[in-house]
Amino acid sequence: MDYNQLTTRHVKLDPASSAILFIDVQNFCVRRNGGEFKDISQDEIDTKYAYYFDRLATAAVPNMQRLLAKFRAAGIEVLHTTIESLTLDGRDRSLDYKITGFNVPKGSWDGKVIDELKPLEDEIVLPKSSSSVFVSTHIDYLLRNLGVRQLVICGLLTDQCVESAVRDACDLGYLVTLVPDACASYTPERERFSLSAIKGYCRQVSTDELIAEIEQVASKK
């Protein structure tokens with residue numbers, strides 16, 4: 001495929017030049033006792049964050065599990081990124097993370113990918129200390145070394161780190177596929193606004209559609 005001659009983003013995955021990236025699906029921001037939520041009252045969890053935790057449990061995490069299994073079975077490259085400092089005190093964090101108060105110390109439980117998506121020994125896991133994985137890791141270098149041209153993105157949060165990755169990957173020359181039902185944000189309004197805002201940077205397909213696409217490609221081999 002000559003990617004430089006494409007006139008549309010709606011291109012089916014070529015497994016040989018594809019990878020999937022799971023963004024920030026970690027204890028820090030998925031678990032109730034993770035660092036982001038451990039000091040928040042149960043009342044606030046039940047109101048302000050009710051949608052988010054329901055979305056994680058009923059859609060985002062189950063769909064990511066399905067995608068992970070399918071991509072592994074198809075032999076397509078799998079990568080994970082997590083919010084995690086390279087130091088214990090977080091002095092290497094972006095200014096934004098310092099202002100926000102996000103510090104996931106190097107090697108901490110908060111920085112681990114959740115068990116439901118636990119990386120295999122040979123899967124790449126990249127700690128990042130800013131919103132965009134393309135800014136605070138060497139993922140672009142790695143993807144190019146792996147021969148990746150098509151990048152599937154899912155994870156957390158839709159309108160923050162996921163959106164940042166989509167925009168940056170697009171600008172760096174990757175053909176991006178976003179899986180909205182394998183993502184989550186704090187409110188449905190934030191999700192809808194983000195998905196609308198970045199539709200010009202990526203194609204957006206459901207988990208079912210993407211799995212069917214991979215199965216169709218595999219059946220032709």
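The values are calculated or read from the model by the stated rules, or taken from the named source; none is laboratory data. Computed from a predicted structure; not experimentally measured. All Cβ positions, even for glycine, are placed from backbone atoms using ideal geometry, and neighbour counts span all protein chains on display. Remember, those area values only see protein heavy atoms, side chains included, never the ligands or the DNA or RNA. Shrake-Rupley method; radii C 1.70, N 1.55, O 1.52, S 1.80 Å.
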**OP:** Quote to one decimal, in nm, the extra length available between R91 and D54 on full extension: 0.36 nm per residue of separation minus the C-alpha distance between them.
**Re:** 10.0 nm
Original post:
If D168, D122 are ordered by their accessible area, calculated over protein heavy atoms with a 1.4 Å probe, which sequence runs from highest to lowest?
Top reply: D122, D168
Original post:
Okay, which of the stretch 61-92 sit inside 12 Å, backbone N to the point 7 Å along the Cα-Cβ direction of L120?
Top reply: 68-79
Original post:
Normalised by the number of residues in the chain, what is the relative contact order in percent for Cα pairs under 8 Å and 6+ residues apart?
Top reply: 26 percent
Subject >> Cα-centred dipole magnitude for the stretch 91-181, charges only on beta-carbon of K, R (+1) and D, E (-1), debye, nearest 20 >> reply: 360 debye
Subject >> Protein-only accessible surface order, largest first, of T47, T137 at 1.4 Å >> reply: T47, T137
Original post:
Membrane-span-like helices in the chain: DSSP H runs reaching 20 Å or more (Cα, own axis), mean Kyte hydropathy at least 0.0?
Top reply: none
Original post:
Among [x] 52, 33, 33; [y] 57, 37, 31; [z] 75, 37, 34, which is the computed Cα extents along the principal axes in Å?
Top reply: [x]
**OP:** For the chain, give the magnitude of the charge dipole about the Cα centre (Cβ charges: +1 Lys/Arg, -1 Asp/Glu; no others), in debye to the nearest 20.
**Re:** 380 debye
**OP:** Calculate how many DSSP beta bridges within the chain are antiparallel, expressed in % of all such bridges and rounded to the nearest 5.
**Re:** 5 percent
Subject >> E213, E121, ranked by accessible area, largest first (probe 1.4 Å) >> reply: E121, E213
Original post:
Expressed as a whole percentage, what fraction of the accessible surface of the chain belongs to carbon and sulfur atoms when a 1.4 Å probe is rolled over the protein heavy atoms?
Top reply: 51 percent
Original post:
Can you pull the accessible area of R167 for me, 1.4 Å probe, Å² to the nearest 10?
Top reply: 70 Å²
**OP:** Please report how far the C-alpha centroid of the stretch 204-221 lies from that of the stretch 29-75, rounded to the nearest whole angstrom.
**Re:** 24 Å
**OP:** Run the quick spin-label model on N33 and F193: label points 7 Å from Cα toward the beta carbon, then report their separation in nm to one decimal.
**Re:** 3.4 nm
Original post:
Cα-based count: Lys pairs in the chain below 24 Å, eight or more positions apart or different chains?
Top reply: 22
